[in-house]
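The values are calculated or read from the model by the stated rules, or taken from the named source; none is laboratory data. Model, not experiment: these values are computed from the prediction. Note: ideal-geometry Cβ built from the backbone for every residue, glycine included; neighbour counts use all protein chains shown. Remember, those area values only see protein heavy atoms, side chains included, never the ligands or the DNA or RNA. Shrake-Rupley method; radii C 1.70, N 1.55, O 1.52, S 1.80 Å.
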Amino acid sequence: VQLQASGGGSVQAGGSLRLSCAASGDTFSRYDMAWFRQAPGKEREFVAAIRKNSIPYYSDSVKGRFTISRDNAKSTVYLQMGSLKPEDTAVYYCAASRSTILSTLQYFRSYGSWGQGTQVTVSS
């Protein structure tokens, strides 16, 4: 499956952004989807995942502020980000896997397909 992320940009602290990731090339509903982010000089970090059954999972750092969702009819996964903080600044990547297990959802090696990344910058 090919992934195309969009929706990044610059926003002030406390603001909101919605990221989108459009999938093509395979049946989207067969995939578990996730968002990761990577800040300069840091490792890629798990943000959120949503499995084929639409159950969401979040990292502690974004729980209560971000919402992941999917629209199988549009082959798209979304990340609604609210109450943004400067520490949310990063390149955000969407990822897909045909099959994940709960204990490894947060590991980037669990995902075989990646989008190109979209920059999110939050200023204080």
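Counting 0.36 nm for each residue step from residue 74 to residue 121 and taking away their Cα separation leaves a gain of 14.2 nm.
Across the chain, Cα pairs under 8 Å and at least six residues apart give a relative contact order of 36 percent. As a calculated quantity, the FRET efficiency between residue 30 and residue 59 at R0 = 25 Å, using C-beta atoms, amounts to about 0.55. Distance between the pseudo-spin-label points of residue 101 and residue 38 (7 Å out from Cα toward the beta carbon): 2.6 nm.
Would you mind telling me the antiparallel percentage of the DSSP bridges in the chain, rounded to 5?
Expressed as a percentage, antiparallel bridges in the chain total about 90.
Remark: the range 13-30, residue by residue, has Karplus-estimated 3J(HN,Hα) of 3, x, x, 10, 8, 10, 8, 10, 9, 8, 9, 8, x, 7, 6, 4, 5, 7 Hz, where x stands for each Gly or Pro and the curve is 6.51 cos²θ - 1.76 cosθ + 1.60 at θ = phi - 60°. In this structure, residue 109 and residue 85 have a Cβ-Cβ separation that, at R0 = 25 Å, corresponds to a calculated FRET efficiency of about 0.35. Modelled this way, with points 7 Å down the Cα-to-C-beta line, the labels at residue 4 and residue 16 are 2.6 nm from one another. Accessible area per residue for the chain is 50 Å², calculated with a 1.4 Å probe on protein heavy atoms, without ligands, DNA or RNA.
Here the accessible area of the range 34-124 is 50 percent carbon and sulfur, with a 1.4 angstrom probe and all protein chains present. Pairs of Lys residues in the range 1-92, spaced 8 or more positions apart or belonging to different chains, with C-alpha separations under 25 angstrom: 5 in total. Can you tell which of 3, 75, 21 lies farthest toward the positive end of the dipole of the chain, using +1 and -1 charges on the Cβ of basic and acidic side chains (Lys, Arg; Asp, Glu)? Of the candidates, 75 comes out farthest on the positive side.
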